[in-house]
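Computed from the coordinates by the stated procedures, all read-outs in this text should not be read as laboratory data. It should be emphasised that the depicted structure is a prediction, and the values quoted were computed from it without experimental measurement. Quick reminder, even Gly has a Cβ in these numbers, built from the backbone with ideal geometry, and neighbours come from all protein chains shown.
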Amino acid sequence: MQEKEVKFLEDAFKKYYFDHFDLIHVPERTSEREFGFQKFNSGMMRHISLKDNKELHLLLMQNIPSDVYCSNAYYSFPNLSMNEKDWKEADLIFDIDAKDLQLDCRLSHSITKCNECNQVSNSNHQCLHCNSKKIEIKSLPCKNCIEGSKKEVFKLLNILIEDLGVEKNNIKIYFSGNEGFHVYVYNSQFLTLGSRERSELVDYIMFRGAIPETFGMKKLKPQRSLFPDLEERGWRGRFSKEIFGSKSKRSKIISELISGGYSKFHKNLENISTIIGAQIDPNVTMDIHRIFRLPGSLNSKSGLTKIFCKDLKSFDPYSESSFLNENTVEIQASCPIEFKLKNKKFGPFNNEIVTIPTYGAVYMICKNLATIA
Amino acid sequence: MITLGKDEIAKYPFLADAGQYLKDKGFSLDQFGIDPDLKISLEKALSRVQVSADGKIYKSDLIDGEASKDYVLEREVFSFLLAIVLLKLTGMNTLIKRFALAEARRAEKYLEKDLANITDESKKELAIRIIDDLFSIQIKKQDDYFIIPISNYLKHSVNFHEREWKLINRRVGNGFVFLTPHETVRLIRKELSSYISSKIINAKTPSMISGFEEPVKQLISLSKKFVTYSVTTGEYPPCIKHAIEVLEKGENLPHSGRFMLATFLLSRNQSVEQIAPLFKNAPDYNERVTLYQLNHLAGASGSGTQYSCPSCEKLKTQNLCFAIPECDNIFNPLQFGKKRK
Ligand code: SF4
Ligand SMILES: [Zn+2]
Ligand SMILES: [Zn+2]
């Protein structure tokens with residue numbers, strides 16, 4: 001990114017931080033958290049500790065960061081180096097991202113920017129202009145992706161509440177500011193768990209590592225009576241709903257499963273794991289030292305806010321998370337696919353000079369699809 | 001600490017304060033070396049250690065955790081306390097480890113029985129208290145199950161390798177895991193034996209007591225036997241090392257794992273007699289059956305076919321593989337450590 005663009009983005013971000021302090025707060029138990037931030041075109045600053053909102057706002061105004069982060073962990077000494085911090089416990093966090101869901105729509109709203117010739121095209125493998133394979137794939141807003149991610153969030157919520165016994169009001173859902181959601185679990189029995197234990201929770205939530213015996217299937221002499229019922233709680237119940245569908249089909253399907261044999265049953269379990277399991281990013285949940293984008297801060301991949309979702313079902317990120325100003329600006333835009341922000345359509349732009357509101361311009365500049373004219 | 005009844009101290013003697021117990025009964029250690037009546041306890045203590053060294057569980061005089069006579073109960077506790085004195089005087093860690101393991105197994109049986117006790121509420125309560133006090137697991141009874149918080153469960157279960165202990169293969173609801181009495185107790189096996197062994201290791205060593213010299217001498221010579229079959233695992237692949245570790249800790253190694261280990265060691269020209277002792281700590285160890293099975297694998301009995309070690313691929317599907325970079329490019333654990341291009 002050139003200086004002109006950095007200047008423009010910093011101005012827009014600064015105005016946001018100034019106008020919207022009400023959206024950005026330090027989390028609870030502030031002094032036990034590690035904070036970090038990044039500026040445009042520069043590296044990460046970590047191991048920062050803050051006392052309160054005032055200190056946070058000061059940091060924002062002084063540095064105008066492109067991204068602000070905060071740990072899910074609680075430390076005795078958050079500002080010391082990693083091995084001196086003295087880890088105490090950490091909130092449980094889940095990351096659900098549309099790009100990991102293998103949805104069919106991806107291709108229709110992805111574009112590539114060539115790192116050799118800087119041309120933008122619709123191809124997903126190589127540059128259509130110079131055939132270079134050094135490309136960056138950029139994805140534009142898509143309703144289907146958001147719906148797909150929401151579906152995974154709902155699966156996750158059901159498991160958290162029903163199986164893991166997490167109280168509803170200890171769960172907070174945020175739009176990530178790009179293409180997914182972050183789910184935070186506060187004050188749970190899982191706070192003190194280490195990485196290995198969290199990885200077991202991940203397998204549980206994603207429905208990984210299930211064995212046929214758990215669902216009544218045995219290698220030798222399987223018994224019909226051991227198979228699960230639709231009303232059962234937990235995975236046995238969810239399995240039944242997925243595999244049997246209804247009570248009336250249960251008996252017939254059990255016969256088929258038994259005659260199909262053990263290994264086929266096992267394969268089946270693996271195959272349905274992405275259907276009934278919640279597709280979370282396992283590494284994020286297992287990492288107990290990570291810093292996460294601070295709720296209310298801007299995402300430099302889009303200029304959108306990481307925002308709290310009051311009502312997930314009706315939540316529309318591309319109108320509810322765009323808070324940058326409406327002042328118009330002239331840019332050179334190269335974006336072959338149309339997109340929508342704050343209910344306004346943009347593009348397609350075929351390497352042309354256009355005058356558009358700041359929030360739209362920031363979006364494209366952040367994605368490296370436009371420059372200041 | 002928990003206050004224990006007479007029969008409870010006999011079942012869970014490691015919970016007692018040894019010195020206090022003797023004092024309460026009006027005895028001193030010295031008397032056990034001289035007094036002919038008390039010497040029975042010393043003999044029992046010796047055999048308690050010897051039996052445990054053999055990988056077996058000491059058969060007590062209690063029947064279902066009860067005894068008709070008070071002195072039987074007392075002797076039961078004395079033999080445990082004296083066994084610790086003998087172990088301290090002998091000073092051999094292998095014996096302590098084995099003793100702790102066997103005693104843990106013994107206590108496990110009582111814990112399981114007490115948990116499952118439906119006629120005597122107080123027995124169940126005590127077992128629950130012990131597990132909470134020692135291992136901070138809060139158990140509650142719900143219908144036919146014992147339920148414990150998921151986070152408690154995970155802290156213990158992550159050390160198990162068998163897939164049935166994965167959370168996904170457990171009954172889970174409302175933040176709790178549902179377990180049978182057997183599973184509940186199984187969950188703390190390792191901790192129970194390390195609790196007992198740390199209690200022994202931290203106990204202070206008395207100076208030699210007259211009358212104790214003979215049993216101590218016997219135990220020292222017994223402990224020498226173990227060195228002969230301790231396997232060096234340096235050049236073994238991770239899967240084999242892991243299997244040996246599981247067995248040494250007295251945990252259950254699935255049949256597939258035993259098969260892998262036995263066939264591997266046989267191919268490395270170890271004899272059936274050398275290999276058999278490895279299985280001694282297994283919860284279901286039976287010397288005769290083990291020898292028979294090993295001979296069968298070695299091709300010495302029956303069919304005459306010698307079985308070979310399964311491939312890495314096969315072992316991966318059985319969750320027995322713990323590959324490390326040195327495992328690259330090999331297809332069978334037997335190739336491990338032999339240079340290949
Ligand atoms: S790769 Fe082969 S040798 Fe290595 S641990 Fe796995 S099974 Fe053993
Ligand atoms: Zn190109
Ligand atoms: Zn999409």
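Which of A:Ser334, A:Ser110 comes first, and how do the rest follow, when ranked by fewest Cβ neighbours within 10 Å?
Exposure proxy ranking, most exposed first: A:Ser110, A:Ser334.
Shape verdict for region B:151-260, please, from the Cα gyration tensor: rounded (a/c under 1.5), prolate (a/b greater than b/c) or oblate. Oblate, since a/c reaches 1.5 and b/c is not below a/b.
Computed from Cα positions, the angle between helix A:53-63 and the longest principal axis of chain A comes to roughly 50 degrees. Annotation: amide H of A:Arg293 within the under-5 Å range of A:Cys70, sequence separation 5 or more or interchain, hydrogens built in the peptide plane.
What is chain B's relative contact order, in percent, from Cα pairs under 8 angstrom and six or more apart in sequence?
Values: 374 pairs, mean separation 51.2, N = 341.
Computed over chain B, the figure is 15 percent.
For chain A, averaging the sequence separation of C-alpha pairs within contact (under 8 Å, six or more residues apart) and dividing by the residue count gives a relative contact order of 18 percent.
What average number of partner chain Cβ atoms lie no more than 10 Å from the Cβ of the residues making up A:182-189?
Numbers: counts 0, 0, 0, 0, 0, 0, 3, 7.
So the per-residue partner count for this stretch is 1.
Taking every alpha-carbon pair under 8 Å whose residues sit at least 6 apart, region A:157-289 reaches a relative contact order of 28 percent.
Rounded, prolate or oblate: which fits chain A, taking a ≥ b ≥ c as square roots of the Cα gyration tensor eigenvalues, rounded meaning a/c under 1.5, else prolate when a/b beats b/c? All intermediate terms of the calculation are to be shown ahead of the outcome.
Working: a/c = 2.38, a/b = 1.48, b/c = 1.61.
Since a/c reaches 1.5 but b/c is at least a/b, the shape of chain A is classed as oblate.
For chain A, the residue among A:Phe13, A:Leu103, A:Tyr69 whose Cα projects farthest onto the positive side of the dipole built from Cβ charges is A:Leu103. The H on the amide N of B:Val177, modeled in the peptide plane, is under 5 Å from the matching H of B:Ile148, B:Ile150, each at least 5 residues off or on a different chain. For region A:168-181, the Karplus equation 6.51 cos²θ - 1.76 cosθ + 1.60, evaluated at θ = phi - 60°, returns couplings of 3, 6, 9, 10, 10, 10, 10, 6, 6, x, 9, 9, x, 10 Hz by residue, with Gly and Pro reported as x.
For region B:80-96, backbone phi angles converted through the Karplus equation (6.51, -1.76, 1.60; θ = phi - 60°) give residue-by-residue couplings of 5, 5, 5, 4, 5, 4, 4, 5, 5, 5, 6, x, 9, 5, 4, 5, 4 Hz, Gly and Pro being listed as x.
Going by C-beta contacts inside 10 Å, put B:Asp114, B:Asp24, B:Asp143 in order with the fewest on the left.
Details: B:Asp114 23, B:Asp24 10, B:Asp143 7.
If I rank by nearby Cβ atoms, fewest first, I get B:Asp143, B:Asp24, B:Asp114.
In order along region A:223-234, phi translates into HN-Hα couplings of 10, 4, 5, 8, 6, x, 10, 5, 7, 5, 8, x Hz, rounded to whole numbers, per the Karplus curve 6.51 cos²θ - 1.76 cosθ + 1.60 with θ = phi - 60° and x for Gly and Pro. Protection proxy ranking of A:247-253, B:211-217, by the mean of other Cβ atoms within 10 Å over each peptide's residues and highest first, is B:211-217, A:247-253.
Sparsely packed loop sites in region A:293-341 (the trypsin sites (Lys or Arg not before Pro) outside DSSP H, G, I, E and B with at most 13 other Cβ atoms within 10 Å) comprise A:Lys310, A:Lys313.
Sorted from longest to shortest, the spans of the Cα atoms of region A:209-276 along the three principal axes equal 26, 25, 16 Å. Shape of region A:169-264 from its Cα gyration tensor (a ≥ b ≥ c, root eigenvalues): rounded if a/c is under 1.5, otherwise prolate when a/b > b/c, or oblate? In terms of gyration-tensor shape, prolate. So for region B:238-335, Kirkwood radius off the Cα pairs, Stokes-Einstein at 20 °C and 1.002 mPa s: how many µm² s⁻¹? In µm²/s, the coefficient is 156.
Rounded to the nearest 10 degrees, the angle from helix A:247-260 to the longest Cα principal axis of chain A is 80 degrees.
Which is the longest part of chain A that has none of the GluC sites (Glu not before Pro) sitting in a DSSP loop with at most 15 other Cβ atoms within 10 Å?
Details: sites that count: A:Glu28, A:Glu116, A:Glu167, A:Glu231, A:Glu232, A:Glu326, A:Glu338.
For GluC sites (Glu not before Pro) (loop position, at most 15 other Cβ atoms within 10 Å), the longest site-free span of chain A is A:233-325.
Taking every DSSP helix (H) stretch of at least 4 residues in chain B, weighting each as -39,500 (n - 2.57) and dividing the sum by the residue count yields a mean residue ellipticity at 222 nm of -17000 deg cm²/dmol.
Helix B:36-53 and the longest principal axis of the C-alpha atoms of chain B enclose an angle of approximately 20°. Semi-axes of the equivalent ellipsoid for chain B, computed as √(5λ) from the eigenvalues of its C-alpha gyration tensor and ordered from largest down, come to 38, 28, 17 Å. Taking other Cβ atoms within 10 Å as a rough exposure proxy, A:Asp91, A:Asp11 sort from fewest to most as A:Asp11, A:Asp91. Amide H to amide H, with H built 1.01 Å from N, A:Glu89 comes under 5 Å of A:Tyr74, counting only residues 5 or more places away or on other chains.
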